[in-house]
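Following: one structure in structure tokens, then a few remarks.
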Amino acid sequence: MLGYSPVDDEEDGACHELKVKLNQGGLNVRSRTGYCSSKPLDLLAGTAKGKELESRAAGSGSGTVSAKMQSAFFYTAANTARVDVAMEMPPDVLKFKKEKGKLHAEMDVLGIAYNPDGGVAAKFSDTLKMEFENKKEVEAFQEKPLHYETQFDVASGKYNLKVVFSSSGEGFGKLESPLVVDSYDTRKFSLSSVALSKELHKVNDLDATLDATLLADKTPLIALGMQITPGASNVFPKDGMGAFYLEIYEPSMTEEKPHKVGLQMVVIDKKTNEHKIDTGMIDMAQYEHAGNPVIPVGLRVPSKELAAGSYRAEFRAADDAGNVSVVRTADFDIQPPQ
């Protein structure tokens with residue numbers, strides 16, 4: 001095993017490519033293709049930019065830039081959860097300026113989870129930096145919405161999540177949504193909330209383990225060798241790709257003879273309340289990892305089987321010991337074919 005310790009004085013978030021070469025044959029090497037120095041969770045704390053965004057978050061004014069946001073939580077310990085936040089913004093929110101011969105843009109982001117009494121339960125802040133060689137590269141980048149994703153930890157409870165963002169001080173966006181993290185006991189059978197995604201790609205099992213272990217500031221969502229990137233939108237094209245990601249927590253997985261676990265998905269037409277799809281209990285054996293009480297699950301959004309419209313997916317997990325989870329839901333829309 002080869003380790004490398006980067007210098008401590010580099011800029012937060014700086015990224016580097018890594019290559020590992022061998023000087024003899026007959027050996028295989030597995031390594032990270034790169035690394036980024038970790039950023040503080042609250043990068044803008046105490047700065048003028050951070051204070052300005054905090055003021056906008058606490059204020060009653062709405063933003064001048066439209067955007068979308070979705071969040072989902074996944075338990076990490078008793079009454080503690082990791083919240084995944086995904087945002088989608090118009091690409092022109094980034095204001096590019098010429099710096100040292102390149103086109104450079106920055107966007108500041110601040111998120112606060114407020115308690116019902118207005119107190120701060122959790123906070124994160126970040127600066128997203130983009131740099132391109134020329135205008136053509138910028139135009140290619142601006143052909144798709146700007147995706148931003150982050151994670152933070154919070155205790156079980158009811159919160160109001162507010163996220164504000166701004167680029168070069170020219171206008172700002174403000175998003176707000178309720179965040180309810182149910183209480184959780186690691187000794188009891190349970191189910192996470194549901195993340196929706198339009199982006200999936202295959203990962204090698206060993207590489208996935210390596211990334212999850214070494215990338216300490218972010219935990220990837222991986223099920224059956226597929227990494228699922230949380231999305232900010234719940235609208236799916238009828239002929240496109242989509243996925244649900246959720247986690248089942250089965251304490252008996254650490255025992256010699258764990259319980260058998262199943263998951264049911266029911267899709268309901270929100271307009272007529274008609275049940276369109278009922279999978280029955282799906283055997284979760286293929287998703288399980290021996291000795292790990294967390295069962296990560298990825299299921300396809302059944303867009304091809306549904307007509308254009310608005311739907312609600314309901315998920316319920318159970319095991320053969322009689323344990324049944326709460327029902328988790330995810331609303332989504334199917335667009336008509338283009």
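Where a number appears in this text, it was derived from the coordinates with a stated rule and is not lab data. Quick caveat: nothing in here was measured; it's all calculated off a predicted structure. A quick note on method: Cβ atoms are made from the backbone with ideal geometry, for glycine too, and the neighbour counts reach across all protein chains shown.
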(message) Checking the cross-link filter: which aspartates and glutamates have an alpha carbon closer than 18 Å to that of Lys270, excluding same-chain neighbours under 8 positions apart?
(response) Asp278, Glu305, Glu314, Asp331, Asp333
(message) Which one, Met130, His16, Leu94, is farthest towards the positive end of the dipole of the chain when Lys and Arg carry +1 and Asp and Glu -1 on their Cβ?
(response) Leu94
(message) Quick one: 3J(HN,Hα) in Hz for segment 280-290, Karplus 6.51/-1.76/1.60 with θ = phi - 60°, rounded, Gly and Pro as x.
(response) x, 6, 8, 5, 8, 4, 5, 8, 6, 10, 3
(request) Can you pull the one-decimal nm distance between simple spin-label points at Lys135 and Glu17, each 7 Å off the Cα toward Cβ? (result) 2.8
(message) Is the C-alpha gyration tensor of segment 190-335 telling us rounded, prolate or oblate? Criteria: a/c under 1.5 is rounded; beyond that, a/b larger than b/c is prolate, otherwise oblate.
(response) oblate
(message) Using each residue's phi in segment 143-148, evaluate 6.51 cos²θ - 1.76 cosθ + 1.60 at θ = phi - 60° and report the 3J(HN,Hα) Karplus result to the nearest Hz, with x for Gly and Pro.
(response) 6, 10, x, 7, 9, 9
(request) Over 31 Å between C-alpha atoms is what I'm after, so list which of Lys98/Lys238; Lys144/Lys260; Lys136/Lys304; Lys39/Lys98 land there. (result) Lys98/Lys238; Lys144/Lys260; Lys136/Lys304
(message) At a 10 angstrom cut-off on C-beta neighbours, averaged per residue, how do the peptides 322-329, 58-65, 153-160 rank from highest to lowest?
(response) 153-160, 322-329, 58-65
(request) Give the order of Cys15, Cys36 when sorted by the count of other beta carbons within 10 angstrom, beginning with the fewest. (result) Cys15, Cys36
(request) Only Lys, Arg, Asp and Glu count, each charged at its Cβ (+1, +1, -1, -1), so figure out the dipole size of segment 48-181 about its Cα centre, rounded to 20 debye. (result) 180
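Give me the dipole magnitude in Debye, nearest 20, for segment 152-194 about the Cα centre, with unit charges on the beta carbon: positive for Lys and Arg, negative for Asp and Glu.
140
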(request) Could you size up the charge dipole of the chain around its Cα centre, putting +1 on the beta carbon of Lys and Arg and -1 on that of Asp and Glu, and report it in debye to the nearest 20? (result) 540
(message) If you average the alpha carbon positions of segment 63-128 and of segment 298-336, how far apart do those two centres end up, in angstrom?
(response) 27
(request) In whole Hz, with x marking every Gly and Pro, tabulate ³J(HN,Hα) for segment 101-116 from phi via Karplus 6.51 cos²θ - 1.76 cosθ + 1.60, θ = phi - 60°. (result) x, 10, 8, 10, 9, 9, 9, 9, 10, 9, x, 9, 9, 8, 6, x
(message) Between Ala317, Ala105, Ala243, where does the largest GNM mean-square fluctuation fall for the chain, given springs only between Cα atoms within less than 10 Å?
(response) Ala105
